[in-house]
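> Mind having a look at this structure? Questions to follow.
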Amino acid sequence: MALNEMFVGEIVTELLKQLNAISHKSCFCKSSADNLITSIQELFPIIEELKYSGVELPAFRQSQLNRFSETLRGGIELARKVLESGRWNVYKNLQLVRKMEKLEKQVARFISGPMQAHLLADVHHMRFETMERFNRLEQRLDSMKTGSGRWVEEAVKRMEVEGDSNLGGFSGIGLELGKDKVKKMMIERDDLNVVGIWGIGGSGKTTLANEICRDNQVQSYFNNRILFLTVSQSPDLEQLRAKIWGFITGNEPLNYTRKSQCEWGSGPQALVVLDDVWSLPVLEQLIFRVPTYKTLVISRFKFPRRVVNEVYEVELLGEDESMSLFCRSAFGQNSIPPTANETLVKQIVDECKGLPLALKVIGASLQDQPEMYWINARKRLSRGELICESHENKLLDRMAISVECLKKKVKECFMDLGSFPEDKKIPLDVLVNMWVEIHNIDEEEAFTILMELSDKNLLTLVKDARAGEAYCSYHEICVTQHDVLRDLALHLSNKGEVNERKRLLMPRRDTELPRDWEKNADQPFNAQIVSVQTGEMREMDWFHMEFPKTEVLILNFCSDKYFLPPFIDDMPKLRALIVINHGTTEATLENFSVFTNLANLQSLWLEKVSVPQLSNATVPLRNLRKLSMVLCKVSNSLDPAVLDLPQIFPRLSELVIDHCDDLVKIPLSICKVNSLQSLSLTNCHRLRELPADLGMLKKLQILRLSACPELKMLPPSIGELVGLKYLDISECVNLKCLPKEVGKLVSLEKIDMRDCLQIVNLPTHAALSNLKSLQRVICDDEVFGQWRNLEKTVPNLHVQIAEKWYSLDWLNS
């Protein structure tokens with residue numbers, strides 16, 4: 001392939017065209033697109049020099065350029081996929097972000113790498129004899145290296161989608177030694193019923209515990225009977241005790257006595273792992289003295305031997321392991337690259353004092369940064385005291401360096417994470433909604449920020465077993481955060497006078513509001529975000545507070561009754577309200593009248609509560625756009641006979657009802673909510689029918705009905721949903737058939753109908769042949785052949801047999 005064809009022809013021209021389209025669209029890949037445009041434009045002058053030099057390059061050099069050409073060709077196809085990807089396809093967007101970043105790195109590596117020097121040298125030796133010409137080219141190459149700031153090799157970025165939320169991971173000899181020592185305590189010592197792992201925050205305690213639980217010898221010894229529980233600073237002891245006792249006995253009622261100890265003393269071996277234990281009284285209530293089961297306790301605190309029989313102290317990493325872990329985060333490889341300042345890297349690694357979390361997070365924060373930034377980071381680190389048991393607070397100051405390099409808006413989003421309870425999964429839907437409401441960004445930018453924080457190891461993404469499918473919703477992906485990183489967010493947020501803080505946060509669940517809030521309640525609080533964590537709250541438990549600037553209120557509690565705070569009346573700018581009950585049963589909400597003044601509320605998330613009755617007399621939430629009810633009792637609130645949804649929610653665009661087991665039918669008036677674009681009725685096991693006039697929802701694009709086993713038919717009017725793009729009826733095991741009217745859904749792009757056991761025949765080929773937009777069908781074997789026959793009529797259709805998947809995450813929820 002000639003240089004003229006390869007660089008000045010269609011490849012670069014088309015790629016630049018696509019990248020400019022991505023940039024102007026302001027989508028989730030805008031940053032990578034802009035960087036690629038800059039890099040390719042910088043590359044053009046060198047290519048022009050090679051083109052007009054008249055030199056025929058050696059075969060090896062030509063092959064290098066050919067490979068780079070293929071990389072750019074792949075970039076064109078990737079750019080097309082980015083432009084075609086819809087906003088609802090969350091996991092695919094995650095993958096596209098990664099691929100765009102990889103392309104960006106490949107192009108940058110080509111520009112700044114040694115290959116270009118060799119290419120220019122070939123031109124110099126073969127054609128141009130004057131040093132002036134070669135120097136000019138060499139200077140141009142050097143200026144590109146300096147301008148890009150890429151003096152280090154690119155880090156290999158990845159999205160963490162495993163359930164393990166620990167970011168302080170380490171590996172190698174230290175991990176194996178620790179694992180062997182703890183295994184011997186648990187397996188070889190019958191006299192040790194309670195074993196501990198102790199270490200400071202971020203030292204890798206949870207990583208070690210997870211590795212022990214995965215060990216084949218441990219699993220065999222305990223017959224795979226291992227229960228892993230996170231206790232945290234604000235535990236629900238009753239719930240935890242019930243889980244442990246149920247695990248030991250096989251779900252016997254929790255009425256533990258000495259007689260019970262004898263009865264269960266000869267059963268199979270079992271292991272209970274208690275992670276993140278903060279106090280001795282809590283630990284004592286979670287240990288049952290049953291001979292056949294052992295307890296592994298993970299904590300920052302040492303407990304007396306009468307409770308924890310023997311403890312393994314996690315050792316901080318040695319010099320070689322520290323360097324390897326740091327380099328993986330900073331450079332994407334296990335050692336210092338030749339282009340890096342070796343002395344500077346070693347100095348920074350030394351300042352991390354072998355702490356895995358500090359090595360990983362600080363390393364990730366320095367990737368792609370210029371050398372002067374590294375020098376400044378080293379100076380700041382050197383001012384701190386040694387990271388040791390008595391100076392854990394100094395860790396937060398050190399970790400703050402990892403946040404300083406973030407853009408202001410990204411840093412603000414990181415600090416927002418302190419608003420949520422420790423050791424709890426944050427639904428991505430909640431997080432994105434909050435960021436959109438308070439940071440004046442759209443969902444695509446919120447998504448980009450999420451990815452940047454993930455890249456910096458400042459949070460972890462955890463996907464549902466089915467997340468990654470087209471149009472998967474945000475609530476199928478969660479965010480977790482290491483408790484030290486949450487402490488850092490709180491540490492940064494809690495500076496300054498309490499009335500002037502941007503975030504007013506309770507660090508942990510308590511029985512009452514903080515005293516400094518009450519002490520300063522005579523003046524307005526100017527917080528934009530307010531987060532409350534309590535148990536049951538009665539009217540008398542609240543005191544008067546004013547919040548003239550609050551836009552987000554997060555209420556986390558654990559009880560079966562909850563009086564909504566009266567100060568909601570004094571939140572005129574409230575845009576997002578999140579109410580989450582972490583108790584065992586749905587909580588009754590009182591004081592629902594506070595919604596009277598929520599004229600600006602745009603997003604409402606209710607979880608594990610009994611939703612109060614709504615009626616035509618309810619004050620309209622005229623600006624509410626998103627309503628989510630998860631694990632709620634909704635039968636009283638959605639009484640079809642008295643409810644006029646378009647009057648109460650005139651601008652509602654997204655409605656989610658998930659795991660609401662008392663939902664039998666939805667109000668007929670939902671068909672008149674003309675603004676509705678997404679309707680999710682999922683895991684509602686008693687839902688029997690849909691409104692006959694469902695087809696009136698002309699703007700509806702997404703309809704999710706998965707896991708509704710009592711649903712037996714879809715209304716024929718479904719064919720009138722002219723804008724529908726995605727239909728999910730998976731796991732509707734009693735759904736008898738697809739109505740022939742489905743063939744009228746000319747905009748439909750995807751159908752998920754896995755585990756629809758009753759559907760063995762599809763509508764006729766003629767009825768389905770109008771589905772010209774259909775691109776993907778996920779189904780079972782029984783109807784696979786019938787869908788495949790449609791591929792000849794619908795050229796872009798891909799039919800996929802569903803893979804069987806099983807999720808046991810609910811056992812630990």
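Any read-out appearing in this document is the output of simple, stated calculations on the displayed coordinates, not a laboratory observation. Keep in mind the model is a prediction, meaning the values are calculated, not measured. Glycine also receives a Cβ, built like all others from the backbone with ideal geometry; neighbour counts cover every protein chain displayed.
> Quick check on packing: order 699-709, 671-681 by the mean number of other C-beta atoms within 10 Å, highest mean leading. All intermediate terms of the calculation are to be shown ahead of the outcome.
Working: 699-709: 21.1, 671-681: 19.5.
Order by mean packing, descending: 699-709, 671-681.
> Arrange the peptides 425-435, 591-601 so that the one whose residues have, on average, the most other Cβ atoms within 10 Å appears first. Provide the component values of the computation, followed by the final result.
Numbers: 425-435: 22.7, 591-601: 16.9.
Going from most to least packed, we get 425-435, 591-601.
> Sticking with this one: For K181, which lysines qualify as cross-link partners when the Cα separation must be under 20 Å and same-chain residues fewer than eight apart are set aside?
List returned: K205, K294, K302.
> Of all trypsin sites (Lys or Arg not before Pro) in region 274-359, which ones are in loop regions per DSSP and have a Cβ with at most 13 other Cβ atoms within 10 Å? Mind dumping the intermediate values first?
Values: sites: R289, K294, R300, K302, R305, R306, R328, K346, K353; in loops: R289, R300, K302, R305, R306, K353.
Answer in residue order: R289, K302, R305, R306.
> Principal axes first, then extents: for the Cα atoms of region 646-803, list largest minus smallest coordinate on each axis, whole Å, largest first.
47, 27, 22
> Now for a different question. Work out from phi, with θ = phi - 60° and the Karplus expression 6.51 cos²θ - 1.76 cosθ + 1.60, the ³J(HN,Hα) of each residue of region 760-769, listed in order in whole Hz, and give x for Gly and Pro.
10, 10, 9, x, 4, 4, 5, 5, 8, 5
> Report Rg/Rh for region 475-516, rounded to two decimals, where Rg is the Cα radius of gyration and Rh the Kirkwood radius. Intermediate values should be presented prior to the final figure.
Values: Rg = 12.8 Å, Rh = 12.2 Å.
My calculation of the ratio gives 1.04.
> Let me ask something else about it. Quick check: convex hull over the Cα atoms of region 488-596, volume per residue in Å³, rounded to an integer?
On the way: hull volume 10.6 nm³, N = 109.
Each residue corresponds to 97 Å³ of Cα convex hull volume.
> Expected output is a single nm value to one decimal: the length gained when fully extending between V746 and E342, i.e. 0.36 nm times separation in residues minus the C-alpha distance. What is it? Write out the running numbers ahead of the final one.
Working: separation 404, 0.36 × 404 = 145.44 nm, distance 6.05 nm.
Value of the extension gain: 139.4 nm.
> Moving to a separate point now. Quick one: Karplus J couplings for region 304-309, per residue in order, coefficients 6.51, -1.76, 1.60, θ = phi - 60°, nearest Hz, x for Gly and Pro?
With the stated coefficients, region 304-309 comes to x, 5, 5, 9, 9, 5 Hz.
> Highest mean first, how do 727-733, 522-528 rank when packing is the count of other Cβ atoms within 10 Å averaged over residues? Present the calculation step by step, with values, prior to reporting the outcome.
Values: 727-733: 22.1, 522-528: 16.7.
So the peptides 727-733, 522-528, ranked by packing, come out 727-733, 522-528.
> Moving on. I'd like the distance between the alpha-carbon centres of region 498-556 and region 678-730, rounded to an integer number of Å.
Their Cα centres are 40 Å away from one another.
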